[in-house]
Structures are given as C-alpha cells and as structure tokens.
Number of protein chains: 2
Amino acid sequence: MDITDWRKKIDEIDRRLVELLSERARAAQEIGRLKRHTSLPIYEPDREGTVFENVRRVNQGPLPDRELTRIYERIMDVMRNIQKEEITPPAEAAKTLTELDSEME
Amino acid sequence: MDITDWRKKIDEIDRRLVELLSERARAAQEIGRLKRHTSLPIYEPDREGTVFENVRRVNQGPLPDRELTRIYERIMDVMRNIQKEEITPPAEAAKTLTELDSEME
C-alpha cells in the first residue's frame, strides 16, 4: 500500500469516527435532557474519571495512554458544551435574558 | 432510558471509538514509515485541509462543525506526534544523540 492508499483508508476511518462521535453527542444530549429535571451538575468529575479509566483499559495501542487521554480531554470538553445547551437551550437562555432586561427597565 | 442506561451506551461507543482511533494511528504510523524514505514533511497543510473538509462534509449533527473541528484538531495533533516517532524512532533518535556525544568527546 502506498501513501494514497493509506489516506483513502484514513478517510474511511474518519467517516466512521464522525458517525460514532455524533452518536456519542446524541447520548450526551439525552443525558442533558434528563439532567434538566434533576439536580445533577453538568460537570461530574467522578463520571469523567470513569470514562478516562474505561478508555485506558480498552486501549491496546499503538497510541500511548497519554495521547489517547489528550484526545479524550477534548472530546469530553465538547460533550460538556453539548450537554450544557440541552440543559439551558439557547432560546430559553435568550428568553431569560429578555425577562431580566424587562425587570431592569 | 435513564442516565445509567445512556452511560452504558456511551461506554460501549467509547470502546468502538478507541478501536477506530487505534486503527487511524496504525495508518498514520504506516504513512510515517513510508515518509522515512521520501522527502515528504510530517506537517502537510494541504492534506490536513482535506481531512477537515472530509469530516465536515460527512457531519450530519448534532455536533456543530465548529465543535467537531475542535476534536479533530486534537486528533491531528496526536497523529502528527505518532508519525514523527515513526520517521525518527526514539531508539534511533537516542543513537544519533550518542553518536553526537562521541563526536564531541
């Protein structure tokens, strides 16, 4: 296989990665919706710790745990943003601000 | 589905994500090995641009392109490190340093 062949393989892997990341984001949104009606915070260090442990446990290389963790730190940061939007949807957040404005007038 | 069920689903998605990221890393290593015998640099902005375009084209949400790009920036950064190690394996880099030391004695 030459470089072009490997790149075609990478493009195919990326398509599957985007699908999985989207699936993960949908699950984060669902959890966000459930959290809207509970007192659970968006940031739960214990749960995030479990995610990192799970990821390292299944890692068989060639990525060193350190590098895989760096990717996951970014994934978790993005998922937290997605979840935050579900807990306070932008439209609702805007409404709250408008209400605040009226109160201040 | 309650939060526990969604988290089980996420753990399963994460296992598949780690497998795909590992597969992508192996492909990056193969490209690194091929680059060892060519003059191609590790950082190729045109190729990275193609990767980002590919990823955004297949994205159907719910992740906004901006957030997906943030995840991919980290993935590309890690893959560049992996490739760099293939082009100059740590053992070889150490040997080169030892040779330099001898020359300097």
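Read-outs: derived from the displayed coordinates by stated rules, not from any lab. Keep in mind that what you see is a predicted model, and the values were worked out from it rather than measured. Cβ: placed from backbone, ideal geometry, glycine included. Neighbour counts: every protein chain shown.
Can you name every residue in segment B:18-46 that is touching a helix residue (DSSP H, G or I) at 6+ places or on another chain (Cβ under 7 Å), of a type outside the set (A, V, I, L, M, F, W, C) and under 18 Å from A:Arg74 (Cβ atoms)?
Once the filter is applied, which keeps residues that are touching a helix residue (DSSP H, G or I) at 6+ places or on another chain (Cβ under 7 Å), of a type outside the set (A, V, I, L, M, F, W, C) and under 18 Å from A:Arg74 (Cβ atoms), segment B:18-46 yields only B:Arg24.
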Problem - Members of segment B:1-48 that are in a helix (DSSP H, G or I) and farther than 21 Å from A:Arg16 by Cα - result: B:Ile3, B:Thr4, B:Asp5, B:Gly32, B:Arg33, B:Leu34, B:Lys35, B:Arg36, B:Pro45, B:Asp46
Practice task
For segment B:56-67, enumerate the residues that are facing chain A (nearest Cβ under 7 Å) and part of a loop (DSSP other than H, G, I, E, B).
Solution key: B:Asn59, B:Gln60, B:Gly61, B:Pro62, B:Leu63
Problem - Residue identified as out of contact with any Lys or Arg (no Cβ under 9 Å at 6 or more places or on another chain) and either part of a helix (DSSP H, G or I) or not hydrophobic (A, V, I, L, M, F, W, C) (or both) among A:Arg80, A:Arg70 - result: A:Arg80
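Yes/no per residue for (1) surrounded by 16 or more Cβ atoms within 10 Å (Cβ to Cβ); (2) facing another protein chain (nearest Cβ under 7 Å); (3) closer than 20 Å to A:Ala28 by Cα:
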{"position": "B:Lys9", "(1), (2), (3)": "yes, yes, yes"}
{"position": "B:Leu17", "(1), (2), (3)": "yes, yes, yes"}
{"position": "B:Gly32", "(1), (2), (3)": "yes, no, no"}
{"position": "B:Glu44", "(1), (2), (3)": "no, no, no"}
{"position": "B:Gly49", "(1), (2), (3)": "no, no, no"}
{"position": "B:Glu53", "(1), (2), (3)": "no, no, no"}
